[in-house]
1. Taking the Cβ of each residue in 67, 59 as the centre, tally the other Cβ atoms inside 10 Å and list the residues starting with the fewest.
2. With a/c under 1.5 counting as rounded, go ahead and sort region 24-92 into rounded, prolate or oblate using the C-alpha gyration tensor (a ≥ b ≥ c being the square roots of the eigenvalues; past the cut-off, prolate if a/b is larger than b/c, else oblate).
């Protein structure tokens with residue numbers, strides 16, 4: 001019985017491990033972070049985001065705030081601030097593609 005339970009737990013972990021290990025962390029704006037005068041639309045186009053990935057916002061909290069909003073608030077830019085910056089990304093359902101193999 002204990003062996004059977006261990007096998008089930010191992011199977012669950014083995015099934016979940018690829019999704020967990022493939023998750024990526026993205027610093028929004030790369031080395032410029034979350035600041036004025038950065039084209040975040042261009043930044044987002046250069047990346048592919050998948051379910052499980054993390055967006056990291058690095059910013060000066062004396063100058064900026066981060067708000068999570070729904071679609072309607074995003075479209076109307078309804079946030080409690082005068083300086084409005086937006087980030088819109090597309091998140092893909094499938095896991096990230098395998099990294100290309102290096103040429104031998």
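We did not get these values from a lab; they are worked out from the coordinates using the rules stated. Here the structure is a predicted model, which is why all the values come from computation and not from measurement. Please note: Cβ atoms are built from the backbone with ideal geometry, for glycine as well, and neighbour counts cover all protein chains shown.
1. Details: 67 11, 59 15.
In order of increasing Cβ crowding within 10 Å: 67, 59.
2. It is oblate, given that a/c is not under 1.5 and a/b is not larger than b/c.
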